[in-house]
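Undergrad: Attaching a single structure in structure tokens format; questions to follow.
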Amino acid sequence: MLKKNNNNQKMLKLIDKNRIYFIFLFVFLFMSLFAPRFLNVFNLTTVTKTMAMNATVAIGFTMIFIIGQLDLSIGTIITFSAVIGLSMKEYIGFGGSVPLAIVAGGLIGLINGLLVTKAKISSFIVTLGMMTVLTGVIYTMTGGNSVSLSSDDAFAVSDFLGDMIFPFITPRVLIAIIMVIAFSLFLNRTRTGRNFYMVGGNKQTAWLAGINTDKYTIITFVISGTMAGVGGVLYAMESAAAPLNLGTSSLMYIISATIIGGTAMSGGKGGVFKTFVAILMLEVLYNGIILFGLGNEVKIFIAGFILAAVVMNEAIVAYKHEKIFGQRPELIKELKQVQN
Amino acid sequence: MSSEDIKKEKSFDIALEMKCVSKEFPGTLAVDSVDFDVKTGEVHALIGENGAGKSTLMKMIAGSFNDYTGDIVMGSQKVDLFTPAQSKKNGIEMIYQELSLAMPLSISENVLVGRLPKKGIFLDKKKIAEETTLCLERVGLGHLDPNLQIEEISQHEGQLVEIAKALGNNPKILVMDEPTSALSREEVERLFTIIHNLKKQGLAIVYISHHLPEIFEVADRVTVLRDGKKIGTNDISEVTSELLVQMMVGKSVADFYSYNSHAKENERLRVENLSRFGFFHDVSFSALEGEVLGICGLSGAGRSELGRSLVGLDERHAGDVFLDGEIFKPSHMSKAVDNGLVYLTENRKTEGLALRLDVKDNTLVSIIPQLSKNGVYTSNDGDEILTGLIDELSIYPPDPTKIVGNLSGGNQQKVLLAKWMACKPKVLILDEPTRGVDIGAKMTIHKSIEALAKKGSTIILISSDLPELVSLSSRVLIMRKGRIVKDMRKEECTEESVLLAANGENV
Amino acid sequence: MSDDKTIKEEKSDVRAIKVTTLGKMMNSFGIYAIAVFFLVLGIVLQSLGIINNFLTTTNMMNILDAVTLLGIVAVGMAFVTYSGHYADMSVPTTMAFTGIICVQMLQFGFIPALIITFLFGLLIGLINAVAIGKFKANPIIWTLALVFVTKGIIRIVWDNKQIYPDFIANSERTSDLFDNIFRYRFFGKISLPLVMLIILIIALDFVMKKTKYGAQLKMTGAAQKAASFSGINTEFVIGMAFVICALTATLGGLTVTSLSRVGYINNGVGYDFKAVTAIVIGGMTLAGGRGSIMGVVGGVLVMGLIDNILTLLGVGTFSQDMIRGTIFIIVVGLNAKSLRSLGRDDA
């Protein structure tokens, strides 16, 4: 009797850990079967295109969650770097403005990281404050207007990265996929990568084992900022414009995807690839919703709803776990014997 | 051989020696000029009551303190063990009572933390699994899947993983702090087999415990500490339980404590077959008005869990409780407090007091509902009660605006007690009421307990401080592994007999 | 008791410094000292000719208006912070949402619209209360998720349309009443929102300092575990804090929407950050259990003054954002750091 229960439990655990893959499969199948015009090349290309930016940024954000921190500033970093990438083009060309934008993102991440580790201010406060500061900077730089390129320039850029190499995949998407795979491999298959998980799993233990937790924390914030920078640039180059609210919706989106994908803010678990799949899932979901004729609004609602459901689920699980923590196994055994 | 030769031979065997070490905390001298040594291939048990200084002594060699005095010598060279890193470098590994594993990570990642084997830049998954399994085999867990998360294994298995992790660093000295408190019989046996093997491999093991039967099974030598001082070190063959208990407990300070029983005739509390699955089963007892009922047991016996379930903090799964003859089933602790049944926690810093708030806030918190009229609470109504309690308990400094976090341990404990005294409880469950408290405060608290009993409160005294337990209680219940195994009347209770019973002897 | 004399009792640590009493005083009055400082600064700058029109009635009224709006929201959010749960990030969307609902419900008349609006505000508060109070979800993440859901609902039901009270109200009188939420002035001078704020301040300060709930909330914020071990129903206490916050957000939403005369999804943007800043500047630590409503009001005042002076100095709105963000990091950071060095906080 006990054995069967064990196997069932193991099954459930496995499913729960990898739930994002099941959810994705479900959503994809659902849309393929029921959404009009879903399964055609053109549509699927749209799906992959729009997620390149978010997927990139989500890499960095996932790492932040893995080490148990929070970065609320990524949205504004995206906008910031997009603005830099575009507005600096006339002075130093794309060859200059793009790297500059990316480095700028990394620098902001560095500041965040230093404030969290050295000044020992909680990441919630640091990144919330940074978010506000950057908003001010952005609006000051742009005078409140969106930045956009003249039509010739715009065309040139979009063209290159928008060229389809394989079906569904443009260079932009390829870049995103390559980075996801690279980071995923790094975090899962290298010693340094796994150390990030340990920092999030139990900081004290990590430190006692000789891992420089401050260094890892700073590096993670730098990566987060840099990835946000890359994402911003990718977006800017596609649309040749940087609307000023670009980053704000991204923040919500990325937090959702990260949590739905299974990376919790508590740290030590989850992964970059799972977040990626979560983003794919959300994109497919959105796409399908639009195909159903339901419009933008529904998709925002559903994404939020899924997030709320996932957060609530994790909270309830933790709540139940608390109650049974510390049981003496032999007493439970005796109890089962008496019951049988 | 000349005595010098013998000495040389002995010092060759000694893995680590502590000479006249001391450690002071604000207000107490936790370790007082102790000499201690451990030899290769031996298990040296370190025993003593709670607060005797065992953990502090060992934390010293684990590098937890940078301000101990005295010398620590390894291999005839003095070493500085001021940080955990220094400790590890010298081949010392300590296994704490609380698990220090990372829950969401896998067994192998915990065991091999920071040194996961790699092939080129990538991790060598096969090697990781192999090495982890090797480490796990040393603790009898070779069958476990190294990829399981710590969250998924039992607490006992987690403890073993902790040991495997420590062993993975090939230590010369292994310190184990109360490793068996949450273990079943078979698990303890398994642990001892492991320890026996480690001995044969030349490890020097320090085994901290206050479970006497186990000491006799596993140790070669035993050192007794009391109040921070070393009482004696003996070969295990030279001692008996009674002798050890005598050393642990010392000359009774019974002269200080000669409290009378104030128990009345009527029954105040009756517990029938109370169970919280997995924590305590089938607990039955009754207590009279004005009686002080002691509960004694080793750590992990389920005493605190019993207290918490009685008061509604934790759930209960079976059985009934009657307060003054009526069924008592509080849905929430606030109901219990309303009915006069309260519980004083053993963890005053984390569960008992708000260290950031002042004495007044902390003392009056549980009677806020009583002091409020229609939801309005003017804390000044509590001033009288407050000053009365500060006075009665001699809380120092007698200033209600003092932040509790800045008070000494004894005074903090008094504030905690004051909180519950303010409720004028019918039943007051005390869990280790004088842990980490100086003698003077201890006495004051004891006097207050007696005064409470005199006024008619029923006191349930959960304590591992034997003199306190024995002198205050009119009866002592012995709890062992979740059950009540003995009910001893005052006449039968001496510190030795109680401790022996708690260890499962003479039951 | 003679034994107590012969046996030396432990004296408390030397660390029981008067800092704490001073700190308490600073927290309550210090912020007003800072407010006075900025007031004086403004006057000085004006007399030096660097800025104009600081000490005019109009300018002072402007400051008051800005302060009022933020104040209404901040005194409610303060309960969430006081409970040790940082902040309620769903406040801006609650403000927008309730504002929109009210405008939409004006078709049924003013009073019915108000009632329905507050019911919705209450609902949001209850959702937060259950998720965070009972199930202990992370307050930041949960309230952010709620932002998403609320925005989604707004977009679904109202598209991206802005709705105007004039068009929807069932009568001109109703629409006027709604406009007056923001615009009505007692004696021609004192605005209705200001009166509401004053009432809120008095009431909420009373709740926090002089009720059973407030005392239990303080304990819960200072040491949640110890609070529940003292018999306090922390789930209820924390939940209630979120309900209060949602209700003041509703009031704030009504006011902002009345001000702009349009139900709009972005009404309320930025109020989460501004409120948290005001709260912390005013001496209420993010760790919970410390601070006061009066302190929060002081914080709001200071922020209003700073904003005003910066505007008069010609500093752009968005540069002000930068400055506010930096102040936030510095003030909160220092606050957390100093408390930690005294061995206490974990903000």
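We did not get these values from a lab; they are worked out from the coordinates using the rules stated. Keep in mind that this is a model prediction, so the values were computed, not measured. Note that each Cβ is placed from the backbone with ideal geometry, even for glycine, and that neighbours are counted across all protein chains shown.
Undergrad: Based on Cα positions only, what radius of gyration and what Dmax would you give for the range A:190-340, in angstroms?
TA: 21.0, 73
Undergrad: Determine, from the Cβ-Cβ distance of B:S33 and C:K225 and an R0 of 25 Å, the FRET efficiency 1/(1 + (r/R0)^6), rounded to the nearest 0.05.
TA: Details: r = 37 Å, r/R0 = 1.49.
Efficiency for this residue pair is about 0.10.
Undergrad: Please give the calculated 222 nm ellipticity per residue for chain C, where each DSSP H segment of at least 4 residues contributes -39500 (n - 2.57) and the sum is spread over every residue; nearest 500 deg cm²/dmol?
TA: Working: 16 runs with 242 residues, N = 347.
When only DSSP H runs of four or more count, the value is -23000 deg cm²/dmol.
Undergrad: Next question, about the same structure. Enter the per residue convex hull volume of the range B:9-249, computed from alpha-carbon coordinates, in Å³ rounded to the nearest integer. Each step should come with its number before you reach the end.
TA: Numbers: hull volume 32.9 nm³, N = 241.
Here the figure is 136 Å³ per residue.
Undergrad: Can you work out D for the range A:29-339 in µm² s⁻¹ from Stokes-Einstein, where Rh is the Kirkwood radius over C-alpha pairs, the temperature is 25 °C and the viscosity is 0.890 mPa s?
TA: On the way: Rh = 20.7 Å.
Diffusion coefficient, whole number: 118 µm²/s.
Undergrad: In 5 Å bins starting at zero, report the fraction of Cα pairs in the range B:414-507 per bin as a rounded %.
TA: Reading upward from the zero bin: 3, 13, 24, 23, 18, 12, 6, 1, 0.
Undergrad: Put +1 on the Cβ of each Lys and Arg and -1 on the Cβ of each Asp and Glu in the range B:64-111; which of B:I107, B:V79, B:Y68 then has its Cα farthest toward the positive end of the dipole?
TA: B:V79
Undergrad: Okay, next question. Which of C:G268, C:G109, C:G288 moves the most in a Gaussian network model of chain C with Cα springs under 10 Å?
TA: For chain C, modelled as a Gaussian network with Cα springs under 10 Å, the answer is C:G109.
Undergrad: In addition: Taking only DSSP H segments of four or more residues, each worth -39500 (n - 2.57), what value at 222 nm results for chain B once the sum is divided by all its residues, to the nearest 500 deg cm²/dmol? Don't skip to the answer; put the middle values down first.
TA: Details: 18 runs with 169 residues, N = 507.
Theoretical 222 nm ellipticity from helices: -9500 deg cm²/dmol.
Undergrad: Which residue, C:V297, C:V195, C:V91, has the most motion in a Gaussian network model of chain C that connects Cα atoms within less than 10 Å?
TA: C:V195
Undergrad: Now for a separate question. Mean projection of the alpha-carbon convex hull of the protein assembly as shown over all orientations, in nm²? Present the calculation step by step, with values, prior to reporting the outcome.
TA: Values: hull surface 212.4 nm².
Projected area, direction-averaged: 53.1 nm².
Undergrad: Something else: What is the magnitude of the charge dipole of the protein assembly as shown about its Cα centre, with +1 placed on the Cβ of each Lys and Arg, -1 on the Cβ of each Asp and Glu, and no other charges, expressed in debye to the nearest 20? If you can, show how the numbers build up before the last one.
TA: On the way: 112 positive and 108 negative charges, 357 e Å.
Dipole size: approximately 1720 debye.
Undergrad: Please compute the average number of Cβ atoms from other chains found within 10 Å of each residue's Cβ in peptide A:201-208. Write down the numbers at each step before the final one.
TA: Numbers: counts 11, 10, 1, 3, 9, 4, 2, 9.
Counting Cβ atoms of other protein chains within 10 Å of each residue's Cβ and averaging gives 6.
Undergrad: Right, another one. Take the Cα atoms of the range B:304-385, build their convex hull, and give its volume per residue in Å³.
TA: Values: hull volume 9.9 nm³, N = 82.
Measuring per residue, one finds 121 Å³ for the Cα hull of the range B:304-385.
Undergrad: Just want the answer: with Cβ charges of +1 for Lys and Arg and -1 for Asp and Glu, which residue in A:F34, A:F325, A:L291 is farthest toward the dipole's positive end in the range A:29-339?
TA: A:F325
Undergrad: Which log10 I(q)/I(0) values does the range C:288-337 give at q = 0.14, 0.28 Å⁻¹ under the Debye formula, counting every alpha carbon as one identical point scatterer?
TA: -0.43, -1.09
Undergrad: A further question on this structure: Report, in debye and to the nearest 20, how large the dipole of the range B:69-154 comes out about its Cα centre when Lys and Arg carry +1 and Asp and Glu carry -1 on their Cβ.
TA: Numbers: 10 positive and 12 negative charges, 94 e Å.
Result for the range B:69-154 is approximately 460 debye, rounded to the nearest 20.
Undergrad: Just the number, please: Stokes-Einstein D of the range B:253-502 in µm²/s, Kirkwood Rh from C-alpha pairs, 10 °C, 1.306 mPa s. Intermediate results must be reported in sequence, preceding the final value.
TA: On the way: Rh = 18.2 Å.
In µm²/s, the coefficient rounds to 87.
Undergrad: Checking the cross-link filter: which aspartates and glutamates have an alpha carbon closer than 19 Å to that of C:K189, excluding same-chain neighbours under 8 positions apart?
TA: C:D65, C:D176, C:D179
Undergrad: Please compute the Kirkwood hydrodynamic radius over chain B, one decimal place, Å, based on all pairs of different Cα atoms.
TA: 24.8 Å
Undergrad: Between C:V296, C:V44, C:V332, find the one with the highest GNM mean-square fluctuation for chain C; connect C-alpha pairs within less than 10 Å.
TA: C:V44
Undergrad: Can you tell me which aspartates and glutamates have their Cα less than 14 Å from the Cα of B:K118? Leave out same-chain residues fewer than eight positions away.
TA: B:E109, B:E130, B:E131
Undergrad: Given an 8 Å cut-off on Cα distances and at least 6 residues of separation, report the relative contact order of chain B as a percent. Spell out each step's value before the answer.
TA: Working: 1006 pairs, mean separation 76.6, N = 507.
After rounding, I find 15 percent.
Undergrad: Is there a quick way to get the dipole size of the range C:57-214? I mean about its Cα centre, with the Cβ of Lys and Arg at +1 and of Asp and Glu at -1; what is the value in debye to the nearest 20?
TA: Details: 12 positive and 8 negative charges, 101 e Å.
Dipole about the Cα centre, nearest 20: 480 debye.
Undergrad: Still on this structure: Cross-link candidates for A:K323: which lysines have Cα within less than 16 Å, leaving aside residues fewer than 8 places away along the same chain?
TA: C:K134, C:K136, C:K225
Undergrad: Ranked from highest to lowest mean number of other Cβ atoms within 10 Å per residue, what is the order of the peptides B:466-473, A:207-214? Please report the intermediate quantities before stating the final value.
TA: Numbers: B:466-473: 23.8, A:207-214: 16.5.
Going by the mean number of other Cβ atoms within 10 Å, highest first, we get B:466-473, A:207-214.
Undergrad: Now a separate question. Can you give me the distance in nm between label points at B:T387 and A:N313, each placed 7 Å from the Cα along the Cα-to-Cβ direction?
TA: Label-label distance for B:T387 and A:N313, simple model: 6.0 nm.
Undergrad: If amide hydrogens are placed 1.01 Å from N in the peptide plane, which non-local residues have theirs closer than 5 Å to the one on B:A15?
TA: Hits under the 5 Å cutoff: B:V38, B:K39, B:T40.
Undergrad: Using only the alpha carbons, work out the radius of gyration and Dmax of the range C:179-319 in angstrom.
TA: 17.4, 55
Undergrad: Suppose each label sits 7 Å from its Cα in the direction of the beta carbon; what would the B:T350-B:N374 distance come out to in nanometres?
TA: If labels sit at B:T350 and B:N374, their model points lie 4.3 nm apart.
Undergrad: Picking from B:V404, C:T57, B:N90, whose Cα lies most toward the positive end of the charge dipole for the protein assembly as shown (charges on Cβ: Lys, Arg +1; Asp, Glu -1)?
TA: C:T57
Undergrad: At R0 = 51 Å, how high is the FRET efficiency between C:S47 and B:K19 if r is their beta carbon distance? Nearest 0.05 is fine. Spell out each step's value before the answer.
TA: Working: r = 74 Å, r/R0 = 1.45.
Rounded to the nearest 0.05, the efficiency is 0.10.
Undergrad: What distance in nm separates the simple spin-label points at B:S284 and A:Y91, each placed 7 Å from Cα in the Cβ direction?
TA: Result: 8.7 nm between the two label points.
Undergrad: Taking the square root of 5 times each eigenvalue of the Cα gyration tensor, what semi-axes in Å does the equivalent ellipsoid of the range C:64-188 have, largest first? Intermediate results must be reported in sequence, preceding the final value.
TA: On the way: eigenvalues 161, 71, 28 Å².
So the equivalent ellipsoid measures 28, 19, 12 Å along its semi-axes.
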